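K.L.:
This is the structure, below, for whatever I ask next.
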Amino acid sequence: MAIKTIDDISVSGKKVLVRVDFNVPIKGGKISDDSRIVAALPTLRKLTGDGGRVILMSHLGRPKGGERNPEFSLAPVGEALAKLIGKPVGFAKDCIGPDAEAAVAAMKDGDILLLENVRYYKEETDNDAAFAQKLAKLGDVYVNDAFGTAHRAHASTEGVTRFLPTNVCGYLIEKELAYLGDKTANPDRPFVVILGGAKVSDKITVIDALLEKADAILIGGAMAYTFRLAQGGKVGNSLAEPDKVDVARSALEKAAAKGVKFLLPVDNMICDALDFGGGTLGNTRFVSGDIPDGWEGVDIGPETIELYRKEVAGAKTVLWNGPMGIFEIKESSKGTFAVAEAVANADCTSIIGGGDSVKAIKKSGHGDKVSFMSTGGGASLEFLEGKALPGVVALDSK
Ligand code: AMP
């Protein structure tokens, strides 16, 4: 179902209430990664350029019980946005009520106003109707461009749409839906999926959904060890989920039945004394096959890197989600960065499915070479699982 976008409506002279995802990491008042603000710029430029009065709402962090904790104020984000977009950004100390209403009333066409954190109200995450109506009162039309929270039915992502006549998506959500949706539903083939991370249980629904679409699935990270157990192998002290072995076995059987190539690591880096907090591994070595007692797998090994590199190089579409090992520790980050490089250098549509993989690809210095990096972690996974996202479903269809 195609959703209406900001290109389908006219905003000149209108109060455009825009939900953005400005949930950026802030330490001591400083923003350490402004990607989410940058990702909203195309939509904001279009709306202000067309003479809309742009009213921005977002959450930041998780203020406990909806309290007004200044640690979670969006004020520094407003300043950062003003610099990035090159024009003043007004700030309202509250997201509803007299403060917000007065600030909106003073706006001129093309102005931008940022409202204070919507999660200063518990009613936001409760999707409280009266609160949603107060938010809706501020705008004439609603634009959702917060992909990262589109999987949550909150007042500013879903409730608000019930009180406004026009509800569309911005360019960021449009692009997310195009890459994570259309380009994986009708991919140029071969379509190679690389999945890593900690747990099979977190990603089994994604694996199941992607088994319907992919030509090959390459598994890395601790997830691989549950699959190895399912094949009757030994994994020593590796992070694995013995109670999910049946689930892993069914995925292997489904892959075989569907003719989807399902690759597991052929070798691993193992260590005998992992201290995650201290960033040390103790003794390390590479093994093929079983992992001995007293040792744990922390990364894919060189043969696996080569194997996965070849698969990626031959792909026409690649989707990657989840690190290949404990990439937070340098010694066990090689697999993840080798995959990042392979994906970036492949001559194909490359889609990075959010979270740690996006961090890794940026850190590898190859971020500019991939076709698309998702801004959603949980939202990307839920969308790839085939779940409807409440913040998208609530919008007007074409
Ligand atoms: P996820 O959130 O499921 O994508 O998992 C990401 C986490 O998985 C990262 O913090 C990695 O350190 C962790 N991880 C990846 N490989 C391993 C491994 N072999 N052993 C333990 N943790 C791992």
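The values are calculated or read from the model by the stated rules, or taken from the named source; none is laboratory data. Keep in mind it's a predicted model, so treat the numbers as computed, not measured. Cβ sites come from the backbone with ideal geometry, for glycine too, and all protein chains shown count toward neighbours. For the accessible areas, the whole protein counts, side chains as well, though only heavy atoms, and no ligand, DNA or RNA atoms are used. Shrake-Rupley method; radii C 1.70, N 1.55, O 1.52, S 1.80 Å.
K.L.:
Send over a whole-number figure in Å² for the accessible area per residue of the chain, probe 1.4 Å. It would help to have the intermediate numbers written out before the result.
P.N.:
Details: 16520 Å² over 398 residues.
Spelled out: the 1.4 Å probe surface of the chain, per residue, equals 42 Å².
K.L.:
Which order do peptides 338-350, 138-150, 273-285 fall in by mean Cβ count within 10 Å, highest first?
P.N.:
Highest to lowest by the protection proxy: 138-150, 338-350, 273-285.
K.L.:
Then there's this: So for the pair K27, D109, with labels modelled 7 Å out along Cα→Cβ, what separation do we get in nm?
P.N.:
Result for the modelled spin labels: 4.5 nm.
K.L.:
Measure nothing fancy, just the Cα-based angle from helix 200-210's long axis to the longest principal axis of the chain, in degrees from 0 to 90, nearest 10.
P.N.:
Relative to the chain, helix 200-210 is tipped by roughly 80 degrees.
K.L.:
Another question, if that's okay. When the helices in the chain are scored as -39500 (n - 2.57) per DSSP H run of 4 or longer and the sum is shared across all residues, what 222 nm value do you end up with, to the nearest 500 deg cm²/dmol? Spell out each step's value before the answer.
P.N.:
Details: 14 runs with 130 residues, N = 398.
Value at 222 nm, helices only: -9500 deg cm²/dmol.
K.L.:
Given that compact globular proteins tend to follow 2.2 N^0.38 Å, what is the ratio of the alpha-carbon Rg of region 48-180 to that value?
P.N.:
Details: Rg = 14.2 Å, N = 133, 2.2 N^0.38 = 14.1 Å.
Output field value: 1.01.
K.L.:
Still on this structure, please answer the following. Taking 7 Å along the Cα-to-C-beta vector as the label spot, tell me the K310-S35 distance in nanometres, rounded to one decimal.
P.N.:
Going by the 7 Å Cα→Cβ label model, 3.1 nm.
K.L.:
Here is a further query. Once both labels are modelled 7 Å past Cα along the beta-carbon direction, what's the K369-E328 spacing in nm?
P.N.:
2.8
K.L.:
Can you figure out the FRET efficiency of A388 with D272, using R₀ = 41 Å and their beta-carbon distance, to the nearest 0.05?
P.N.:
0.35
K.L.:
Ignoring ligands, DNA and RNA, what percent of the accessible area of the chain is carbon or sulfur (1.4 Å)?
P.N.:
Working: 8180 of 16520 Å².
Its accessible area is 50 percent carbon and sulfur atoms.
K.L.:
PRE reach from R285 (point 7 Å along Cα→Cβ): which of region 210-250 fall under 20 Å by backbone N?
P.N.:
234-239
K.L.:
Near V235, within a Cβ-to-Cβ distance under 12 Å, what is the net charge of the other residues, with Lys and Arg +1 and Asp and Glu -1? Before the final figure, lay out the partial values.
P.N.:
Working: positive: R228, K234; negative: E241, D290, D293, E296.
Charge balance near V235 sits at -2.
K.L.:
A follow-up question, please. For region 179-384, just the Cα set please: Rg and Dmax, both in angstrom.
P.N.:
15.7, 46
K.L.:
To the nearest 20 Debye, how big is the dipole of region 6-172 about its Cα centre, given +1 on the beta carbon of each Lys and Arg and -1 on that of each Asp and Glu?
P.N.:
220
K.L.:
Same structure, new question: What is the calculated FRET efficiency for R189 to A129, with r their C-beta to C-beta distance and R₀ = 45 Å, to the nearest 0.05? List each step's numbers first, then the result.
P.N.:
Details: r = 46 Å, r/R0 = 1.02.
Taking R0 as 45 Å, the efficiency between R189 and A129 is 0.45.
K.L.:
Now a separate question. Could you tell me the number of lysine pairs in region 309-398 with C-alpha atoms less than 26 Å from each other, where the two lysines are 8 or more residues apart or belong to different chains?
P.N.:
23
K.L.:
State the Cα centre-to-centre distance between region 158-200 and region 271-333 in whole Å.
P.N.:
29
K.L.:
So how much slack lies between F163 and D246, counting 0.36 nm per residue of separation and subtracting their Cα-Cα distance, in nm?
P.N.:
That works out to 25.2 nm of additional length.
K.L.:
Can I ask one more? Compute from the Cα atoms of the chain the Rg and the Dmax, the latter being the longest Cα-Cα distance, and quote both in angstrom.
P.N.:
22.7, 69
K.L.:
Can you tell me which of 255-263, 8-16 comes out highest on packing, and rank the rest after it, using the mean Cβ neighbours within 10 Å?
P.N.:
Details: 255-263: 14.1, 8-16: 17.1.
Going by the mean number of other Cβ atoms within 10 Å, highest first, we get 8-16, 255-263.
K.L.:
Pairs K183/K261; K4/K175; K15/K122: which exceed 23 Å Cα-Cα? Can you show the working numbers first?
P.N.:
Values: K183/K261 20 Å; K4/K175 13 Å; K15/K122 25 Å.
Check vs 23 Å cut-off fails for K15/K122.
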